[in-house]
Amino acid sequence: MMFTGCNGAPGNSAVDTSGTVTADEAGDDSRDKALITVGFSQVGAESDWRNINTESMKESLSTENGFELIYDDGQQKQQNQITAIRTFIQKEVDYIVLAPVIEDGWTTALTEAADAGIPVILVDRMVSSKDKELFTCWVGSDFELEGKKVCEWLNEYCKLNRISGNDIRIVNIKGTEGASAELGRSRALRKAVNRYGWKLLDERSGEFTQAKGREVMSRFLRQYNDINVVYCENDNEAIGAIEAIEAAGKTVGCNIKNGEIMVLAFDGSSEQALEAVRSGRITCIGECNPLHGPRVSKIIEDLRNGVTPEKYEYVDEDIFSSYEKITEISVDDKVYPVEIMKQ
Ligand code: GZL
């Protein structure tokens, strides 16, 4: 476990040039009592989105802003995150911020934090614990809405180009199984498949990574010779899928009538992915906003001022595409503009 140091004050902690102290060197007396101590258990570093999310949290919860941030990279393993929560409790932090890798399995650790009187703020993904008092509040995205937007975009495309729903043959490269983002985006796809008659050939987890996305897409291409749409549950998987499609001698793009394979994705947080949208290699991206830092620091400020924050705070998100004929889509009677991105 690595800790991001607070103020580099002399004492037990040997702060290296990057301002990071190791677990066994971060002693309590190195803590400046004036700072608000926050233990942040992050999912990992699996995607561009995640890295931007981490940076947003570190920038907001900085020493300059009055915080001592104790950061832990869970490496996409729930047990690492549970261990980090217990370490934060031992260190008697003022707040715990948790981005839970999957929804299940948190009740015990969150109960321990509650018993220690430490408020827990959830970011990004949700927990399935029935007792909603185990966390103070949550900041993140409506993942099913993200999925509905992308699916409605595909439905609009089919209508404009007179493509029957029955001719859509789609595969889903899912995110980490059981993660809120995976559950919501997959649920939206299954509902659209049932509503529009698309053929969902297969689903398999790409674990939100580029390497696994490429591996899964290669496998799908060996198994199915009629895929015309790939639903990737994040950008990194989409980049990996494009590598696999092009390695197989096929072409990515929106002209599925002409044999191209349409790539759909989520996040829109990396320049590489946005460039892929501008060039038409990714046809449409459902934005997922990673900038939770300012919202979390505001929540802590409110809590310290006796203001009760909203229990659930959703971030605003768009949809991106270079296909100029679709400038808006409608989901549940609400109209969302499409941001047209051209080179
Ligand atoms: C979504 C977040 C997901 C991103 C992926 O809020 O949980 O995890 O879509 C990331 O890129 O790995």
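General remarks:
- Checking each residue in the stretch 259-280 for being hydroxyl-bearing (Ser, Thr, Tyr) and in contact with a Ser or Thr (Cβ under 6 Å, 6 or more places away or on another chain) picks out no residue at all.
- Restricting Gly105, Gly44 to those that are closer than 23 Å to Leu134 by Cα, in a loop (DSSP other than H, G, I, E, B) and away from the ligand (no atom under 16 Å from the Cβ) reduces the list to Gly105.
- Among residues of the stretch 308-322 that are aromatic (Phe, Trp, Tyr), those with a Cβ under 7 angstrom from a residue that is assigned to a strand (DSSP E or B) and open to solvent by 20 Å² or more (accessible area, probe 1.4 Å), sequence gap 6+ or separate chain, pair up as Phe320/Glu287; Phe320/Glu339.
- Some residue of the stretch 178-197 being outside the structural domain of Leu98 (by TED's automatic domain parsing), aromatic (Phe, Trp, Tyr) and either open to solvent by 20 Å² or more (accessible area, probe 1.4 Å) or under 25 Å from the mean Cα position of the chain (by Cα) (or both): yes
For every residue, the table says whether it meets (1) modelled with pLDDT of 95 or more; (2) out of contact with any Gly (no Cβ under 6 Å at 6 or more places or on another chain); (3) part of a helix (DSSP H, G or I); (4) more than 16 Å from the ligand (Cβ to nearest atom).
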{"site": "Thr17", "(1), (2), (3), (4)": "no, yes, no, yes"}
{"site": "Lys33", "(1), (2), (3), (4)": "no, yes, no, yes"}
{"site": "Arg50", "(1), (2), (3), (4)": "yes, yes, yes, no"}
{"site": "Gln76", "(1), (2), (3), (4)": "yes, no, no, no"}
{"site": "Ile82", "(1), (2), (3), (4)": "yes, yes, yes, yes"}
{"site": "Val97", "(1), (2), (3), (4)": "yes, yes, no, no"}
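- Among residues that are more than 19 Å from Glu144 (Cα to Cα), within 16 Å of the ligand (Cβ to nearest atom) and modelled with pLDDT of 95 or more, Ala244 is not included.
- Restricting the first member to the stretch 271-296 and to residues that are at pLDDT 95 or above and within 16 Å of the ligand (Cβ to nearest atom), and the second to residues that are aromatic (Phe, Trp, Tyr) and open to solvent by less than 40 Å² (accessible area, probe 1.4 Å), the beta-carbon pairs closer than 6 Å and six or more apart or on different chains are Val277/Phe320; Cys284/Trp153; Ile285/Phe320; Gly286/Phe266; Cys288/Phe266; Pro290/Trp49.
- Which numbered condition Ile170 misses (of (1) open to solvent by 10 Å² or more (accessible area, probe 1.4 Å); (2) in contact (Cβ under 8 Å) with a residue 60 or more places away in the chain): (1)
- Among residues of the stretch 205-229, those that are more than 16 Å from the ligand (Cβ to nearest atom) and touching a Phe, Trp or Tyr at 6+ places or on another chain (Cβ under 9 Å), counted: 2
- Scanning the stretch 140-167 for residues that are hydroxyl-bearing (Ser, Thr, Tyr) and free of Cβ contacts under 8 Å to residues at least 40 places away in the same chain yields a total of 1.
- Among the residues making up the stretch 121-134, those that are surrounded by fewer than 24 Cβ atoms within 10 Å (Cβ to Cβ) and either away from the ligand (no atom under 16 Å from the Cβ) or under 24 Å from Ile285 (Cβ atoms) (or both) are Met126, Ser129, Lys130, Asp131, Lys132, Glu133, Leu134.
The values are calculated or read from the model by the stated rules, or taken from the named source; none is laboratory data. Being a predicted model, the structure only gives us computed values, none of them experimental. When we count neighbours, we look across all protein chains shown, and the Cβ atoms used for this are built from the backbone with ideal geometry, even at glycine. The area values use the complete protein model at the heavy-atom level, side chains included, leaving out ligands, DNA and RNA. Shrake-Rupley method; radii C 1.70, N 1.55, O 1.52, S 1.80 Å.
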